[in-house]
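Data block below; observations after.
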Amino acid sequence: MQWPNREDFDMIIFDIDGTLLDENGFNPDLIPLIRKVEELGIIVSLASGRTLPNVTPIQQSLAVSGFVVGENGGMIWDTRLGFPIRALADGKRAREAADWLAIQIEGLDAAGIESNRWRETEWCLKEVDNYEAILDAIKGSQYDDLVISPTGFAIHICSPGIDKGNGVLEALRQRGTDPKRVIAVGDAANDISMFNVCGFSVAVNDTHPGVVEAADHFTELRGTLGTIEFIKQLIEAIE
């Protein structure tokens, strides 16, 4: 493939689950590679469906200098440059929708995933196998303006206009960074909006429909191994 020239980009934004982390945590080869990217002058940022309290320790362990986008684009925190935490939506209706869905779908747990206790802009359900049933129930209801986004780890119920792409755009605007000078790396359907707003995009998995088609590059290896493959190739191209 033809890599973008080093002088054409300033930042890489990584998704976390399925991209930087898997069920075994960090691959031991990954952290040194991420730090090498920063040593080469490329800022590393994170964009995740996780809450800020979940993402911040990961940012700290990677020792990267970029921003964090959490809750699928609903939360922004750029502590490195001194910007305050910002919530881009109110998650009240998303929680109401979860309670309503629990009445419509037998066995659905409205409490959702454990990290919901920290969520401010969305709500997450753990019944990933109920995605189609959730879509069918929401359609035509009083909650059909909400966005239902699967990540493979949870079903996110989000306010309209809130997604990783818009969250990333707002975080980049704060920094004065041109989105065309950013590389996005991800693995799931909720990463597509981020791919669409960045200058270059890399998919590391083909499990979710549309992800590979939306990306500029698809790694040979999958998941975190695909991320390692991409970073090694990028470092080699720069050096």
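The values are calculated or read from the model by the stated rules, or taken from the named source; none is laboratory data. Since this is a predicted model, take the numbers as computed values, not measurements. Note: ideal-geometry Cβ built from the backbone for every residue, glycine included; neighbour counts use all protein chains shown.
Condition test on K232, is it closer than 20 Å to I16 by Cβ and assigned to a helix (DSSP H, G or I)?
yes
Out of A214, A203, A237, which single residue is over 25 Å from E39 (Cβ atoms) and out of contact with any strand residue (DSSP E or B) (no Cβ under 6 Å at 6 or more places or on another chain)?
Answer to the check: A214.
Can you tell which of G107, G41, G82 is loosely packed, with under 13 Cβ neighbours inside 10 Å, farther than 28 Å from K232 by Cα and either without any contact (Cβ under 8 Å) to a residue 12 or more places away in the chain or in contact with a His (Cβ under 6 Å, 6 or more places away or on another chain) (or both)?
G82
Would you check if there is a residue in the range 181-189 being touching a residue at least 12 places away in the same chain (Cβ under 8 Å), in contact with a helix residue (DSSP H, G or I) (Cβ under 9 Å, 6 or more places away or on another chain) and within 29 Å of D99 (Cβ to Cβ)?
yes
Do we find a residue being of a type in the set (S, T, Y) and in a helix (DSSP H, G or I) anywhere in the range 41-49?
no
Please indicate, with yes or no, whether at least one residue in the range 137-152 is within 26 Å of D206 (Cβ to Cβ) and at pLDDT 95 or above.
Checked against the condition, which is being within 26 Å of D206 (Cβ to Cβ) and at pLDDT 95 or above, the range 137-152 yields no hits at all.
Could you please find all residues in the range 110-126 being more than 17 Å from the chain's Cα centre (by Cα) and surrounded by 21 or more Cβ atoms within 10 Å (Cβ to Cβ)?
G112
Consider the range 154-209. How many of its residues are farther than 19 Å from L125 by Cα, surrounded by 23 or more Cβ atoms within 10 Å (Cβ to Cβ) and among the charged types (D, E, K, R)?
Here the count works out to 1.
Considering only residues that are part of a helix (DSSP H, G or I), among the charged types (D, E, K, R) and farther than 27 Å from G82 by Cα, which ones fall in the range 183-222?
Answer for the range 183-222, where residues must be part of a helix (DSSP H, G or I), among the charged types (D, E, K, R) and farther than 27 Å from G82 by Cα: just E213.
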